[in-house]
Amino acid sequence: MKDWAFVGVIETIQAKPNSLSERSEVLGNNRVKTETKMNRMKVDEEEYWHSSKCKAFTFDDEDDELSQLKESKRAVNSLRDIVDDEDDLEKFSWSGEPVGSISWSIKETASSISSPEGSDLGLQKSSSSTVSFPKQASSYSLSSFFKGRNKHGSFQSLSDALTDTGFKNYAPELRRPKADYKDYDSFWSPKETVKRLQRGKVCSLERFHSLQEKLLLLDEAVAGHDGNVITAVLVFLKKTLKKEILFRELEPRQVALRHFVHFLKETEDQKLLLDLLRFLDRMEEVALTQYREHLTIKDAEKRKEFLKGCIGLPFSSEDSGLVQDHYTLLERQIIIEANDKRLEASGQTEIFRKHPRKASILNMPLVTTLFYSCVYHYTEAEGTFSSPANLKKTFKIPDKQYVLTALAARAKLRAWHDVDALFTTKNWLGYTKKKAPIGFHRVVEILQRNNAPVQVLQEYVHLVEDVETKLNLAIKHKCHDVVID
């Protein structure tokens, strides 16, 4: 302060005013100048200590955009000197907001929008003081700025993020690109819609209102040979069309019709499937579809009544006989099951004591029922429902099938006398002879599988007609007498 006063006195002396009033006036002016300079220095000093070169970006800031971008780049690059590479602490920007947050990304995106190279950087302000984004920047999403470290271990700067396309994205995408929203605000033609569906794009099919547009969409889907697209269009038509109109339009389109029938079977929409088959006059398929519903009925009595009702359905002649046999077999099984369950509970039958039942016979196939009957009811008369001979006669079981099943059942019980009787026949002169409709080499294999004794095996190995086959079987099963013979 003294220096400034001394300067003022020197200026006063050099001025050399003539009168006393002039001197006092000069001294007063110098004092005012001195105080003004001191106040200005004080204000500058306070602004220096309360200011910072690194300022947060605001939309109302009118400073040079290039300097702000350089300061932002310098601030981001300086993080590697402050934060360790392996540190997972949360980073904050100069404005106090977390780096990577949505608000930070919006501000960084706005500040990074610049003019082409060689021109000045600056924000384009509209009359309402809002930032107008160029069209070429619309392809960037918020997640494109959520960057990780580069291969050198340091964080990438914002300017590098705008130019680098080979970076690894560590954060999930927060929103869809704007191009995807065109699916909802743009009208695609049927052909374009099918192409987009084939590429896995989301398309709104509800925009197709008229029947002509919907049918054109279906034809384009069929022409594309993509089953998923065809099914998607059929589901849309199923929801938006009356079934009579849908059936009428699907009838001449056989490819779409087959897809729709398969779709209804997979989704188990029995009612609509039956309506469609009746409309198409496929009565045999209607009958088979109704008959297939018996698989969902667990109770044996209810299933029997349902099968009884299916007998009158318009099956083909062959299928009609099979449905009749199914009903008859289930009826027999119910009777046999009730009777055997009572005998097993009483404990008076030897076969049930030595070989307890392991499962119920209800709803079992015909061959399983025959095997069961050969185990527990082999000696019963032909007139009973549980007799193997009765089952063979009722259901017209072939001789080969009957012999194979009976042989396996009696060999399992080691009833070798019954096995011998199974192949013994008498001619018209009363002579006995062994005959096997399945071949004796098959008989030997079944007996050996059930651990038959060597004496029994030798007897049937002798009956094999082919000499080479007989010798191989004898060596394999250690029938030494046959080998010697």
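If you go through region 269-287 and keep only what is touching a helix residue (DSSP H, G or I) at 6+ places or on another chain (Cβ under 9 Å) and assigned to a loop (DSSP other than H, G, I, E, B), you end up with D269, L280, R282. Beta carbons closer than 7 Å, at least 6 apart along the sequence or on distinct chains, pair a first residue in region 249-266 that is free of Cβ contacts under 8 Å to residues at least 40 places away in the same chain and open to solvent by 80 Å² or more (accessible area, probe 1.4 Å) with a second that is assigned to a helix (DSSP H, G or I) and of a type outside the set (D, E, K, R) for E251/L257; K265/L273. Quick one: how many residues across region 294-324 are outside any helix (DSSP H, G or I) and of a type outside the set (D, E, K, R)? So the answer is 7.
Which one of G430, G439 is at pLDDT below 90, more than 21 Å from H462 (Cα to Cα) and surrounded by fewer than 19 Cβ atoms within 10 Å (Cβ to Cβ)?
G430
So if I check each of Y378, Y291, Y372, which one is open to solvent by less than 70 Å² (accessible area, probe 1.4 Å), farther than 30 Å from I245 by Cβ and assigned to a helix (DSSP H, G or I)?
Working: Y378 fails: assigned to a helix (DSSP H, G or I); Y291 fails: farther than 30 Å from I245 by Cβ.
On inspection, the qualifying residue turns out to be Y372.
Anything in region 327-354 that is of a type outside the set (D, E, K, R), open to solvent by less than 70 Å² (accessible area, probe 1.4 Å) and farther than 18 Å from H294 by Cα? List them, or say none.
Across region 327-354, the qualifying residues are I336, A338, N339, L343, S346, G347, T349, I351, F352.
The test for being basic (K, R) and not in a helix (DSSP H, G or I) holds for K358.
The values are calculated or read from the model by the stated rules, or taken from the named source; none is laboratory data. Just so you know, these numbers come straight off a predicted model, no measurement behind them. Reconstructed Cβ throughout: ideal geometry from the backbone, glycine too, with neighbour counts over all protein chains shown. Note: areas computed on protein heavy atoms with side chains; ligands, DNA, RNA excluded. Shrake-Rupley method; radii C 1.70, N 1.55, O 1.52, S 1.80 Å.
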